[in-house]
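Below you'll find the structure, written out as structure tokens, and then a few comments.
The values are calculated or read from the model by the stated rules, or taken from the named source; none is laboratory data. Quick caveat, the model's predicted, so the values are computed rather than measured. Here the Cβ positions follow ideal geometry from the backbone for every residue, glycine too, while neighbour counts run over all protein chains shown. For accessibility, only protein heavy atoms count, side chains too; no ligands or nucleic acids. Shrake-Rupley method; radii C 1.70, N 1.55, O 1.52, S 1.80 Å.
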Amino acid sequence: MAKWTVDASHTNIGFQVKHMMVSKVKGNFDSFSADVEAEDLSDLTTAIITFYIDTASITTKSEDRDNHLKSADFFDVETYPKITFKSTTIQKSGDGYQVAGNLTIKDVTKPVTFDVEYNGKGTNPWGVEVYGFEGETKINREDFGLTWNAALETGGVLVGKDIKITVELELNPA
């Protein structure tokens, strides 16, 4: 099995959630790492994937909101500095893959499945082969202990329950 490295400058781990029931807030995590091993990345079914995300690196373009997300109301980054994902099975599904695994947020571990698209491989200007993938899943944040919310005078709540997680990934040989 070959080892692969995440090219952080060409990778994004993002999320979006409903805000006030009428719009969406998008954000991402700026600091992360991964352990990826695979016989051949053009066939992702051979891979073993583990991601480590630094919760304190969350950014949503609002310092006040980011600080609130880092607080005990949400991620409690001092107590829970990492989010992890560890693949358990990877199956071919049409033109893409179903990457199932265990997602851990705030010491709560739940199974999730990412729909993953293989974007192909290329050779960068330095002669290194790179592989690209995009993945997406949806979770209920309350299942992971992210339960803070506020009721709105007009009905509904400030923060939606469903979180869409997206990963745009470029891998290079380790």
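Some notes on this structure:
- Within straight-line reach of residue 70, meaning a Cα separation under 22 Å, sit the following lysines at least 8 residues removed in sequence or on another chain: 18, 24, 26, 61, 82, 106, 110, 138, 161, 164.
- Taking GluC sites (Glu not before Pro) across the range 19-98, the ones in a DSSP loop with at most 13 further Cβ atoms lying within 10 angstrom of their Cβ are 39, 78.
- Relative contact order (percent, whole number), the chain, Cα cutoff 8 Å, 6+ residue spacing: 26 percent
- Two-site label geometry, residue 92 and residue 143: point separation in nm, points 7 Å out along Cα→Cβ: 2.8 nm
- Using a probe of 1.4 angstrom and keeping all protein chains present, the accessible surface of the range 1-155 works out to 56 square angstrom per residue.
- MRE, 222 nm, helices only [DSSP H, n ≥ 4, -39500 (n - 2.57), over the chain, to nearest 500]: -1000 deg cm²/dmol
- Sequence-distant aspartates and glutamates (8 or more away, or on other chains) whose Cα lies within less than 13 Å of residue 92: 43, 115, 117
- The apolar share of the surface of the chain, taken as the fraction of accessible area on carbon and sulfur atoms (1.4 Å probe, ligands and nucleic acids excluded), comes to 48 percent.
- 19 Å tail of the calculated P(r), the chain, as % of Cα pairs: 58 percent
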